[in-house]
1. Just to be sure I understand the model, the point goes 7 Å from the Cα along the line to the Cβ. What's the resulting residue 119 to residue 278 distance in nm?
2. Of 29, 146, 102, which is the most mobile in a GNM of the chain whose springs link Cα atoms less than 10 angstrom apart?
3. Using 1/(1 + (r/R0)^6) with R0 = 51 angstrom and r between the beta carbons of residue 126 and residue 291, what's the FRET efficiency to the nearest 0.05?
4. What's the long-distance tail for the chain, i.e. % of Cα pairs beyond 30 Å?
5. For the pair residue 4 and residue 109, how long in nm is the line joining their label points, each one 7 Å along Cα→Cβ?
6. Between residue 166 and residue 248, what is the label-point separation in nm under the 7 Å Cα-to-beta-carbon projection?
7. Quick check on the exposure proxy: order 46, 151, 134 from fewest to most C-beta atoms within 10 angstrom.
8. Full-extension gain between residue 134 and residue 187, please, as 0.36 nm times their residue separation minus the C-alpha to C-alpha distance.
């Protein structure tokens, strides 16, 4: 892989646009370059560090994960009733994106502190789902499902659109999520593709259709999430996320091939994801985390 080198003025514009996604009112400021030498929850030579550096794959994978989460009635009610997603989606998505970056790239002490805060907030989230079942956000089955859908979304999006991963690499990526999953309380989250398939088989009979899935996709199309120059790509990335939805889940929630990518759109998304995989962003968390560990800022883009 050869890194893309942009003219300095254009590089600054791209850096500013990308950095804006992790900056919003109310978001904590995280210095990924400090404390010097402190490792992250996941090692720098991991598959995960290479996956999470790709913003296109993260966007696609994140949307796919939410589709899967919203198919579970208790998770669906927790997300829809206890967050600001419907009324103000952009800040909510930025908080989620920052949490993913902290989990993978921040110093271990920073990640542990953030996750502890998330767990305290989740402990207060309870309610009744639209199927009549009561739920709590810290229920083990739900924690495992949310953790699994995130891993599936991110790994599969990178594999399909940015760079094909070998079966061994995909299993490594699943296993690398383990330390953070346990901190979140998801002690039964899958640690391999085989375990994910087994969990999906168990959960599928518990999934249901809801108009909320389509409301979510419409919100994602309309929200100003990507920088101006990349905004036309947003609807294609959402269609790509639909394509990642496992067929058995797509049938349940009512997603059809027409909701996904057309054949001519697939190369566009792949080109964008592969370009993003070769474009170092010096101010972004992956580069700053490399500097914290004494590595070159473009280390993840070499070789």
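Rule-based calculations on the coordinates, nothing more; no lab input. Keep in mind that this is a model prediction, so the values were computed, not measured. Backbone-built Cβ (ideal geometry, glycine too); neighbour counts: all protein chains shown.
1. 4.3 nm
2. 29
3. On the way: r = 42 Å, r/R0 = 0.82.
Given R0 = 51 Å and the Cβ-Cβ separation, E is 0.75.
4. On the way: 12643 of 45753 pairs.
Counting every Cα pair in the chain, those more than 30 Å apart make up 28 percent.
5. It is 3.7 nm.
6. About 2.9 nm, to one decimal.
7. On the way: 46 19, 151 29, 134 11.
Neighbour counts put them in this order, fewest first: 134, 46, 151.
8. Details: separation 53, 0.36 × 53 = 19.08 nm, distance 2.12 nm.
Extending this stretch completely gives an extra 17.0 nm.
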